[in-house]
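Participant: My questions will all concern the structure given below.
Read-outs: derived from the displayed coordinates by stated rules, not from any lab. Quantities reported herein were computed from a predicted structural model and do not represent experimental measurements. Because the Cβ atoms are built from the backbone with ideal geometry, glycine has one as well, and the counts that use them run over all protein chains shown.
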Amino acid sequence: MTDNNSPHGGHEVPPLGSSDDAQPAPQWWEAPSTSDASGSTTGADPTLVRGQGQFDGYTPPPQPYAPPQQSYLPPQPYAPQPYAQPAPPPPGYPQPPFYGAQYPGPPPHRRNNTGWILGGIAALVIVVVLIGGLVVAMKSTDSDDKSWAGDFAMDKVTDSCSLVTPSILARWAPTQKELTHTENQPDSDYGGGSMNCNAKYEGTGINDASMTMDANLASKYGKPYYDTWKDIDTGTTGTGRSSGVLGNLGKVAYFSYREDTSTSFNSLDYTIGALDSNLSLKIEINIYSKTPIDKAAVAAACEAQARQAMAGLRK
């Protein structure tokens, strides 16, 4: 049995073969438009009419923006590019400032150093004046300091042999063979000064006699020559040697001799040294003879020559 009732909530379905199979009637919006005599258009919108030419003259709406597809690439590390030096300006044009890595920085602050310079010059002048004054004062002090000066001087001596009598040697050897002398004047600032006389006489055979006189004045520097002479002359010992203190001759004095009578000839070396004030004096007499030598006579002659030289050098 056929149920002609439609399902609940559905639409009626026309039966097969009915007149409803014909094309549906066009809707108002599908009807082609017509124009009346006034030119107005009735009917459907031509853009909505189905069929041939229904989209003629249609402009599609703009599509939404779609960004282009790109493949992802990881960022590359930064590699600094060398800075290209700008071309130098033509001659006569100022050099443009360079702001690259070699920018020298702001110009130094210029200070006015005139005051410092003048102050330094003034200080230098003061130092020079002080040094000059100190030098002058030292020279003045040195000039006033005459502690090295004493009772003896040689400013009037031109021949040291004039201070002694070389001819006394003729007693042992009659003929003068040699006579020389030297003089070294003292310095005006530190003293000193020295004199020397050498005399030699000869006789017959092996007989001869000689005498040496040495005189030295004290100086500002160094110790008296007397000390050195004494250490050597009295410090040597041996057969025929003897030494001792000699009184009543200057401040201090000594004698020293060496006698040899062991061979076919005789020899005697006799020395006297004396120190008085600023004078160091030494007299030495040497005798060689075939006959015996009177030692006392040689000692007396040596002492007499020492006294004579000291008297000639006293101021």
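Participant: Which whole-angstrom value gives the distance between the alpha carbon centres of the range 169-193 and the range 211-279?
Facilitator: 17
Participant: Let me ask something else. For Val252 and Lys146 in the same chain, what is the full-extension length gain: residue separation times 0.36 nm, less their Cα-Cα distance, in nm?
Facilitator: Result for the pair: 35.9 nm of gain on full extension.
Participant: Beta carbons within 10 angstrom, averaged per residue: use that to sort the peptides 240-246, 169-175, 286-292, 191-197, highest first.
Facilitator: 191-197, 169-175, 286-292, 240-246
Participant: Where the only charges are on Cβ atoms (+1 Lys, Arg; -1 Asp, Glu), what is the dipole of the range 160-313 about its Cα centre, to the nearest 20 debye?
Facilitator: Approximately 240 debye in magnitude.
Participant: Let me ask something additional. Rank-order 211-219, 177-185, 300-308 by packing density, defined as the average count of other C-beta atoms within 10 Å over each peptide's residues, highest first.
Facilitator: 211-219, 300-308, 177-185
Participant: Give a residue-ordered list of calculated ³J(HN,Hα) values for the range 257-269 (Karplus: 6.51 cos²θ - 1.76 cosθ + 1.60, θ = phi - 60°; whole Hz; x for Gly, Pro).
Facilitator: Going residue by residue, I get 8, 9, 10, 9, 10, 8, 10, 6, 10, 10, 9, 8, 10 Hz, with x marking Gly and Pro.
Participant: Once the Cβ-Cβ distance between Asp294 and Thr261 is put in as r, and R0 is 22 Å, what FRET efficiency do you end up with, to the nearest 0.05?
Facilitator: Result of the calculation: an efficiency of 0.95.
Participant: Which of the chymotrypsin sites (Phe, Trp or Tyr not before Pro) found in the range 183-283 are in a DSSP loop and have at most 15 neighbouring Cβ atoms, other than their own, within 10 Å?
Facilitator: Tyr190, Tyr221, Phe265
Participant: In addition: Quote the convex hull volume per residue of the range 160-313, based on C-alpha atoms, as a whole number of Å³.
Facilitator: 98
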